[in-house]
Amino acid sequence: MSAVRGTGDQADTLRQMARTAKQNSPTPSGAASLTDQQGIRVISVTSGKGGVGKSNVVANLAMALAAQGKKVLIIDGDLGVGNLDVLLGLSPQYNLNHVLSGEKSLSEIIVEVTPSIKLIPAGSGVQEYTSLGQHEKLKLLDELDMLEEEFDIMIIDTEAGISENVTYFTVAAQEILVVVTPEPTSITDVYALIKLLATRYSEHHFKVLINMARDSEDALEVFRKLANVAGRFLDISLDYLGCVVRDERLIDSVKKQKAVYELYPDSDASNCFSTLARRVIENSRQTRLKGNIQFFFRRYLEGSGGGGV
């Protein structure tokens, strides 16, 4: 189900031109990007407000994708109060702050969640990197290009809201998945985020996941509300990706610092994540590619005139 905009925008054309130029450009021996090799998909998972279970969605979606044969790289993009490592019961010694400061390389901080899932953890309680500058963005670009691991899908867990880091990671990704709950404030805040991304950054295609829904009908009603208001005021496409129902076992899994998909694989919530993962995989051919893993960062720096967001 989707709310469809009429025609493509100029930004889509420019992105495709840049992608073609990158693919046709000569690449030094040994320096081929991961996307050139494997066609990695970059999905940004974001929300208009905190408390909607976004990080839980990322962790469990990664588990469900891995169960269906995908190799997944998770980036915790909440550089101020990252918590994916905590949700997954991990205690990494190093994080992205050490990369941005030059102390460590990206390959040195990657944590194995499962053999098919790796995590790039974010720091916590460090204000210095809550708004990345051009130097930090270029540092991430260079580090990502040097990764040797091969992945099918990269999932970026952004922080909540509309900060500069949120727009940076979200606009740079190939696909945008917004997480919203049935609460009116969640719907209002995610609409504000979509409006900002559409009007200021020319993003017009969004996938929507309803979290903490009572049931599928409840979720569809939330999507209709969001699609109706967006359709009246914005020239965008909203695609309904599905829902995750409220499940006490998910709450229990958070307390135990485990993904519900791992701890309770037969739970209602886990079944929802399995369905979500299948839809993500099935939608791969419909993805409107903006570029590869290198272009993922470079196009944003170039598009911003080299000065960041």
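What follows is calculated from the coordinates using simple rules that are stated; it is not laboratory data. On a predicted model such as this, the values are computed, not experimentally measured, just so you know. Note that we place each Cβ from the backbone using ideal geometry, even for glycine, and neighbour counts take in every protein chain shown.
Enter the mean projected area of the convex hull around the alpha-carbon atoms of the range 200-242, in nm², rounded to one decimal.
3.2 nm²
Given R₀ = 45 Å, FRET efficiency for Tyr94-Gln68 by Cβ-Cβ distance, to 0.05?
0.90
Kindly flag which residue pairs out of Lys49/Lys207; Lys49/Lys139; Lys104/Lys258; Lys104/Lys255; Lys70/Lys104; Lys49/Lys195 have an alpha-carbon separation exceeding 20 Å in this structure.
Lys49/Lys139; Lys104/Lys258; Lys104/Lys255; Lys70/Lys104
Place the peptides 66-72, 86-92, 222-228 in order of packing, highest mean first, counting for every residue the other Cβ atoms within 10 Å and averaging per peptide.
Order by mean packing, descending: 222-228, 66-72, 86-92.
Once amide H atoms are built 1.01 Å from N in the peptide plane, which residues 5 or more positions from Gly77, or in another chain, come under 5 Å H to H?
When sequence neighbours closer than 5 places are left aside, the close amide H contacts are Asp157, Thr158.
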